[in-house]
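Enquirer: Mind looking over this structure? Questions follow.
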Amino acid sequence: MSTPSERRSVAREAIVWEALQPHLQGAPLDVVDIGGGTGGFAVRVARLGHRVTVIDPSPDALAALDRRAREEGAEVVAQQGDLADLLGVVGAEGADLVLCHGVLEHVADVGEAMRSLHDVLRPGAVLSLMVAQRTAAVVARAMAGHFTQALAMLDDPAPTGRAGRRFTAGEATVAAVSADFEVLAVHGVRVFADLVPGSLLDLETGATASLIELERAVSQRAEFLPLASQLHLLAARA
């Protein structure tokens, strides 16, 4: 039986996974997961028959990725590195799909990073970009009583602490468009999943499924985007 933490994790990832599904159909694709860590998404994509390369700076994370891939019978290529190594790892052939989840928060130059992501994709290929959302972080700080931190973060896109830079939906969209991407969709991720106590998912049969249904219903409604802990953009190379 899964734990409340595991069920919460399923609710957090469901929207992104569903958004990716139309782009994972058909013939095997060349997929790159930059900052893919222990392979939460990469292994699932590889199990669909796609050729997946994970690039991550942490040798410990890559070791965990290798164990997970072997346990789940998936083949994933692991490469230690970061965004600066992207073009060298992928080569001139390019990729059909790049996953960049939780990476843009920590780069020194967002524009340069987005151009690297653009250049590694084949024409018409797709970027899955996930970033931390600033407005929700402001609310979380205020709810915890950290009012000075909340005020300082309100209009400041600069990196803050270990979590790094945070974005509004407008800022993330501008970053993509400025790098010659066509934004296909913007989803709010973890609108409610981070607010619901894990114990509540144990109180009622089907609570996790209902939470996912609610997350799905609000994920593309503009009024709920500022409440999302993360933003997910799907963008195509023009």
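Enquirer: How high is the relative contact order of the stretch 99-171, in percent, with contacts defined as C-alpha pairs under 8 Å that are six or more residues apart?
Expert: Normalised by residue count, the contact order of the stretch 99-171 is 36 percent.
Enquirer: Moving on to the next point. Could you report the chain's accessible area per residue, 1.4 Å probe, as an integer in Å²?
Expert: 50 Å²
Enquirer: Place the peptides 178-184, 22-28, 41-47, 229-235 in order of packing, highest mean first, counting for every residue the other Cβ atoms within 10 Å and averaging per peptide.
Expert: 229-235, 41-47, 178-184, 22-28
Enquirer: In whole percent, and with a 1.4 Å probe on the protein chains, what portion of the accessible area of the stretch 50-185 is carbon and sulfur?
Expert: Here carbon and sulfur together make up 53 percent of the probe-accessible area.
Enquirer: Are there DSSP H segments in the chain that both extend 24 Å or more along their axis (alpha-carbon positions) and score a mean Kyte-Doolittle hydropathy of at least -0.5? List them, or say none.
Expert: 4-20
Enquirer: Taking the Cβ-Cβ separation of residue 220 and residue 70 as r and a Förster radius of 41 Å, what is the calculated FRET efficiency to the nearest 0.05?
Expert: So, using R0 = 41 Å, E works out to roughly 0.65.
Enquirer: Moving to a separate point now. Pick from 210, 116, 199: which is most flexible by mean-square fluctuation in a GNM of the chain where alpha carbon atoms under 10 Å apart are linked?
Expert: In this elastic network of the chain, the residue with the biggest mean-square fluctuation among 210, 116, 199 is 199.
Enquirer: Kindly provide the helix-only [θ] at 222 nm of the chain, computed as the sum of -39,500 (n - 2.57) over DSSP H runs of four or more divided by all residues, to the nearest 500 deg cm²/dmol?
Expert: Calculated at 222 nm, the ellipticity per residue is -11000 deg cm²/dmol.
Enquirer: Can you give me the relative contact order of the chain as a percent, contacts being Cα pairs under 8 Å and 6 or more apart?
Expert: Relative CO of the chain lands at 22 percent.
Enquirer: Tally Lys/Arg at +1 and Asp/Glu at -1 over every other residue whose Cβ is under 11 Å from the Cβ of residue 54; what's the total?
Expert: -2
The values are calculated or read from the model by the stated rules, or taken from the named source; none is laboratory data. Since the structure is predicted, the reported quantities are computational estimates derived from the model, not experimental observations. Cβ sites come from the backbone with ideal geometry, for glycine too, and all protein chains shown count toward neighbours. Note: accessible area is taken over every heavy atom of the protein model, side chains too, but ligands, DNA and RNA are not part of it. Shrake-Rupley method; radii C 1.70, N 1.55, O 1.52, S 1.80 Å.
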